[in-house]
Amino acid sequence: MHPISARQKALALIATGRSLNSISKQVGVSRAALREWQQHGIEPQGRPAPCFRCARGHTQDASAYAALLGYYLGDGCISRQRTTFSLRVSCDRTYAGIIEDVTRCIEAVHDGGSACHVSGPGVVIVQNCWNHWPCVLPQHGPGRKHERKLTLEPWQREIIEQHPADFLRGLFHSDGCRAKNWATRMVAGEKKRYDYPRWHFTNNSPDIMLWCQEALDLLDIPWRQSYWKTLSVSTRAGVARLDELIGMKS
């Protein structure tokens, strides 16, 4: 790093109108450095702030984190790149609203980062590279999520308890669906059909399934587990409440 006196001298020479090439030869500083000082000043630029976990702090947007955690547990993965880590969340390309929501959540958690979209057959992968994704999503590890034991950190549990609806939005909008069921009932001797909506959530991980159940309990939304990897919210009040809190998949 060049001393501040050398930077001041170079900036003074730049102010005379001389070319960067001639100044570079005189003071022994690259033209790129001279251009940087000219455009952004001669004070050294601070390093990017570490992630909120490394700084032992709290995320600036806990609701976005809760939703992103749900999306990651459903359709996300973290991959090792050459010098960093890449978070990818696969989204059905027909749901533009979900793609937008995942993008917003990633950029809120990785403050200052931007997400890109990679198209595939029937999907849009929302992707962001950051050294700290394993810090903020410690469920990352070798192998598929449902083939290993997952645990929540205490600070993650605290966020979910504060923002259970956002967490459920991520879970249901990745591994859930809102469908119409029907049933028949005899009325005045005549069989009548009734259609009613319900939310389904399917995940092969018993840990993720348990966290979904716990978040529903926090909101007093009744649920029923019809199969080891499937639960449903089917009461009229429960469906209406979940509709209100997480919105439709769009």
Size of the dipole of the chain about the Cα centre, Lys and Arg at +1 and Asp and Glu at -1 on the beta carbon, nothing else charged, in debye to 20?
-> 760 debye
Counting other Cβ atoms within 10 Å, keep those with at most 13, restrict to DSSP loop, and tell me which trypsin sites (Lys or Arg not before Pro) in segment 121-217 are left.
-> Arg144, Arg148, Lys149
Calculate, for Leu150 and Asp195, the FRET efficiency according to 1/(1 + (r/R0)^6) with r their C-beta to C-beta distance and R0 35 Å; round to the nearest 0.05.
-> 0.45
Using only the C-alpha atoms of segment 62-203, find the volume of their convex hull and express it per residue in Å³.
-> 153 Å³
Heavy-atom accessible area per residue of the chain, all protein chains kept, 1.4 Å probe, expressed in Å², is 56 Å²
By how many nm would the segment from Ala237 to Thr94 lengthen if fully extended, with 0.36 nm per residue of separation less the alpha-carbon distance?
-> 48.7 nm
Whole-Hz Karplus ³J(HN,Hα) for segment 103-113, in order, using 6.51 cos²θ - 1.76 cosθ + 1.60 and θ = phi - 60°, x for Gly and Pro?
-> 4, 4, 5, 4, 6, 6, 6, 8, 4, x, x
For the chain, what is the mean residue ellipticity at 222 nm derived from helices alone (per DSSP H run of n ≥ 4: -39500 (n - 2.57); sum divided by total residues; nearest 500 deg cm²/dmol)?
-> -13000 deg cm²/dmol
For segment 210-248, which chymotrypsin sites (Phe, Trp or Tyr not before Pro) are in a loop by DSSP, counting at most 16 other Cβ atoms within 10 Å?
-> Trp228
With labels modelled as points extended 7 Å from the Cα through the Cβ direction, what inter-label distance (nm, one decimal) is found for Ile14 paired with Val27?
-> 0.8 nm
Lysine pairs, Cα distance under 27 Å, 8 or more residues apart or cross-chain: how many in the chain?
-> 9
For the chain, radius of gyration divided by Kirkwood radius, i.e. Rg to Rh on alpha-carbons = 1.20
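How much length, in nm to one decimal, is gained on full extension between Gln213 and Ala55, taken as 0.36 nm per residue of separation minus their Cα-Cα distance?
Values: separation 158, 0.36 × 158 = 56.88 nm, distance 3.14 nm.
Separation in residues times 0.36 nm, less the Cα-Cα distance, equals 53.7 nm.
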Report in % the part of the accessible area of the chain that belongs to carbon and sulfur, leaving out ligands and nucleic acids; probe 1.4 Å.
-> 50 percent
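The values are calculated or read from the model by the stated rules, or taken from the named source; none is laboratory data. The structure presented is a predicted model; accordingly, all values stated were derived computationally and were not measured. Heads up, the Cβs are rebuilt from the backbone with ideal geometry, glycines too, and the neighbour counts pull from every protein chain shown. Side chains included, ligands, DNA and RNA excluded: accessible areas come from the protein's heavy atoms. Shrake-Rupley method; radii C 1.70, N 1.55, O 1.52, S 1.80 Å.
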